[in-house]
Amino acid sequence: MNLADAPRINASILAADFVNMQADLARIATADFVHVDVMDNHFVPNLTFGPQMVERIQATSPIPLDVHLMITDPDRWAPGYAELGAASVTFHLEAAADPVALARTLRARGARAGVAIKPGTAGESLHDILGEFDQILVMTVEPGFGGQGFMPETMPKLRALRDAARRRGSNVWLQVDGGISDATIAQAAEAGADTFVAGSAVYGADDIEAAVTRLRHLARAASLES
Ligand code: DX5
Ligand code: ZN
């Protein structure tokens, strides 16, 4: 199987052991991407790591990087993450001054351009500019922390984005992040997600490889039914 094929499982290292990062990156080698949550303690009330750490993760990870920027002023900082080699860089719509210009800059720097929306942010404003992005991240928890409960009330806007993409013949990836587990992944897949971020469901499993495979199978079965 081509690892870039949907459904994609992106393992979030927010749930990894930060002082054993190299070993914890090796443990998720069968996931499609390593999801890297950059938090600045300003856009969200939590602090993780910045470009220096992400550069080391890029050098060490067996799989490509999916960087999720939960930071203020992504217009200024996001291009640097594309330059250090991240496969995708996703910034928050709520934080960007000029989302379309930023997405174009990210693509020009060689990354897939992603835009994320918080649970309370409507998705309609993205429908007519879907072509500017390679992936859209519908947050299924309030950004900031791992281990929170999945918010099913975000599913209608995911469905609407999926329908908008279908109408326009867009192949934009639709990603969900937060509370994704064996119990919730099917609803997100059925609503149109093709890319699933999972932190605690992956790192909390006794057998990580089996957990990734199981999530992928559950997502595939649900998307075939929808
Ligand atoms: C939350 C982060 C998520 C987090 C998800 O703000 O964006 O990527 O790691 O963690 P789980 O899968 O535990 O909800
Ligand atoms: Zn994330």
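Read-outs throughout are calculated quantities, based only on the coordinates presented, and are distinct from any laboratory measurement. Here the structure is a predicted model, which means the values were calculated and not measured. Reconstructed Cβ throughout: ideal geometry from the backbone, glycine too, with neighbour counts over all protein chains shown.
How much length would be gained if the chain were fully extended between His217 and Ile129, taking 0.36 nm per residue of separation minus their Cα-Cα distance, in nm to one decimal? Stretched out fully, the His217 to Ile129 stretch lengthens by 28.6 nm. At Val100 and Ala26, where each label point lies 7 Å from the Cα along Cα→Cβ, what is the point-to-point distance in nanometres? About 4.8 nm, to one decimal. Residue-wise HN-Hα couplings along region 48-58, as the Karplus relation 6.51 cos²θ - 1.76 cosθ + 1.60 with θ = phi - 60° gives them from phi, are 10, 9, x, x, 5, 5, 5, 5, 5, 5, 4 Hz; Gly and Pro carry x. DSSP bridge analysis restricted to the chain gives an antiparallel fraction near 5%, rounded to the nearest 5.
Can you tally the net charge around Ile208? Count Lys and Arg as +1, Asp and Glu as -1, for every other residue whose Cβ sits under 10 Å from the Cβ of Ile208. Mind showing how you got there, number by number?
Working: positive: Arg27; negative: Asp24, Asp206, Asp207, Glu209.
Net of charged neighbours comes to -3.
Taken over the chain, the convex hull of the Cα atoms encloses 111 Å³ per residue. So what's the net charge close to Gln175: Lys and Arg +1, Asp and Glu -1, counting the other residues with Cβ under 10 Å from its Cβ? Surrounding charge for Gln175 is -2. Restricting the calculation to Cα atoms, region 173-226 shows an Rg/Rh of 0.95 when the hydrodynamic-style radius is the Kirkwood one.
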